[in-house]
Amino acid sequence: MTTLRDLPSVDELLRTKVAAELIARYGRPLTLQAIRETLETIRAKFISGQITVLPLRDLILAQTSALLDSWMKPTLRAVINASGVILHTNLGRAPLSDATIRAMDMVARGYSTLEYDLEKGVRGSRLIHAEAVLQRLTGAEAAVVVNNNASAVLLVLSALANRKRVIIPRSQMVEIGGGFRIPDVMKQSGAKLVEIGTTNKVHLRDYEESLLEGKSLVMRAHRSNFKIVGFTAEPELNDIVDLIHKAGSIFIDDLGSGALYDTAKYGLVHEPTVQEALAAGADVVCFSGDKLLGGPQAGIIVGKKELLDKIKKHPLARAVRADKTCLAGVTATLLHYLKDEAEREIPILKMMSLTPKQVKGRAEVWRQELEVGEVVEGESTVGGGSLPDESFPTFLLSLTVESPEKFLRQLRFQNPPIIARTANDKVLLDPRTVPPEQEGALLVGLKNVLNDL
Ligand SMILES: *Cc1c(COP(=O)(O)O)cnc(C)c1O
């Protein structure tokens, strides 16, 4: 075919068997649109001289089909995380427990008591979900779950600190991932930022002097993604809280990750727990649902009833409220803690509690299956704005390949994509973050890439 008039018409293409199949799969309007766009592209290329021969009918339909495939391809896809970073923010943080997924599935599928009081047969409040479990778990007087911890911080400050002085040490003026800056959030909420201390040190007298200057709130923001080492000083939380309460002030603690268990158990540094913050006298504590807690994305606020009442009533509470699947999921995850089965049921805790020997065993199996590489000692990290610099001993499958970067890229093109890392010109794969049920798919993907070398 050499003139545009030879190009098949849209109708002609639509009458083919291939088009009928495409219509069955993607619907008529979209198939029609794809045929038109494909023909348009061919015409434009022909006119500009990019092509001199027009494609035949079958090829045009193949191009249409490819175009439809590309339109349908989800951008949000499941991947295999062989990077060894347990809470990888870019990979969606915490995988969920079976019970959590079931609970979310249940409310997603049908109607629920989201805001309905079964006893009275009248409207209820979504704010009650998860509250009782949180009270029991943490001993807090009241609790509320919102969209994420960033919105929890914004809401708490907007409700309690608007036009008030908020004292915060310079060592806690943090920026966490995604450009969320504590000082900016404080300004956004209408709080008057009062910085005390220096980058590395803050003393009790700094708090004391600042509290004397006027009625204020005090905020603590956890250093989630960096460490201060060397000459540092920070008073004991108990002492700070005593001072704050003597001055008639409120203490807000943004724990960031907010573990409910002692991370020292896994050979990591101790991450401040929610229970400790409350026991030390924090009036309001907020933390994430999908960091060390291991649940879905959420922001959890616990603390004094009187303050939580104000927080719940603030207009922003409506804007940042949690949806029904989140509320169901958070509650289900929290129940694992309440039932003392967290380590058995919550995926990230299962990963953290794997011994190096167990990980080594799996890396050995991978090596045997693939018949290449070696099993070497290495480190897994927690990641996800938790426990900066902290790692556990692990074992890795190390592959020596000509171009590690190219190899990683090809791993990303597998289905499902595989995310690995490189160090010292080796490709490293960590079994710790690969659940056993993904092992088969991982090995298939690896074999594909190895065979293509
Ligand atoms: C991670 C983090 C947040 C934000 O939590 P998201 O749940 O990601 O919104 C806020 N403050 C601190 C200290 C954090 O570490």
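The values are calculated or read from the model by the stated rules, or taken from the named source; none is laboratory data. Keep in mind that what you see is a predicted model, and the values were worked out from it rather than measured. Please note: Cβ atoms are built from the backbone with ideal geometry, for glycine as well, and neighbour counts cover all protein chains shown. What goes into the accessible areas is simple: the full protein's heavy atoms, side chains included, and nothing from ligands, DNA or RNA. Shrake-Rupley method; radii C 1.70, N 1.55, O 1.52, S 1.80 Å.
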Need one number for the chain: average projected area of the convex hull over its C-alpha atoms, nm².
29.5 nm²
Restricting to Cα pairs below 8 Å that are 6+ residues apart, what does the relative contact order work out to for the chain? Please round to a whole percent.
20 percent
Helix 28-47 versus the longest principal axis of the chain: what angle, 0 to 90°, nearest 10, using Cα atoms?
70 degrees
In debye to the nearest 20, how big a dipole does region 161-309 give about its Cα centre with +1 on each Lys and Arg Cβ and -1 on each Asp and Glu Cβ?
380 debye
With every protein chain kept in the model, how would you rank F226, F407 by accessible area, 1.4 Å probe, largest at the top?
F226, F407
Skip the ligands, DNA and RNA, and give the accessible area per residue of region 305-453 with a 1.4 Å probe, whole Å².
51 Å²
Using the Cα centre of region 4-72 as the reference point, and only Cβ charges (+1 on K/R, -1 on D/E), how large is the resulting charge dipole? Debye, rounded to the nearest 20.
80 debye
Just the Cα atoms of region 340-453: what Rg and Dmax do they give in Å?
14.3, 48
Could you give the size of the charge dipole of the chain about its Cα centre, using +1 on the Cβ of each K and R and -1 on the Cβ of each D and E, expressed in debye and rounded to the nearest 20?
1440 debye
For region 289-353, just the Cα set please: Rg and Dmax, both in angstrom.
13.9, 42
Expected output is a single nm value to one decimal: the length gained when fully extending between L118 and V444, i.e. 0.36 nm times separation in residues minus the C-alpha distance. What is it?
112.3 nm
Using a 1.4 angstrom probe and counting only protein chains, how large is the accessible area of V269 in Å², to 10?
70 Å²
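Net charge within 14 Å of S125 by Cβ-Cβ distance, Lys/Arg positive one each and Asp/Glu negative one each, not counting S125 itself?
Neighbour charge sum, excluding S125 itself: +3.
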Quick one: net charge of R367's neighbours, Cβ under 15 Å, K/R +1, D/E -1?
-3
Could you tell me how far the Cα centroid of region 89-110 sits from the Cα centroid of region 180-229, in Å?
35 Å
Order of 25-36, 101-112 by packing, highest average Cβ count within 10 Å first?
25-36, 101-112
Local charge sum around V376 (other residues, Cβ-Cβ under 12 Å, Lys/Arg +1, Asp/Glu -1)?
-2
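Explain nothing, just the number: relative contact order of region 4-72, from Cα pairs under 8 Å at least 6 residues apart, as a whole percent.
Working: 40 pairs, mean separation 27.0, N = 69.
Averaging sequence separation for qualifying contacts and normalising by length gives 39 percent for region 4-72.
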Pair N451, V10: separation of 7 Å Cα→Cβ label points (nm):
4.3 nm
Computed, not fitted: 222 nm per-residue ellipticity of the chain from DSSP H runs ≥ 4 (each -39500 (n - 2.57)), nearest 500, equal to -12500 deg cm²/dmol
Rel. contact order, % - alpha carbon contacts under 8 angstrom, at least six apart, region 154-194
58 percent
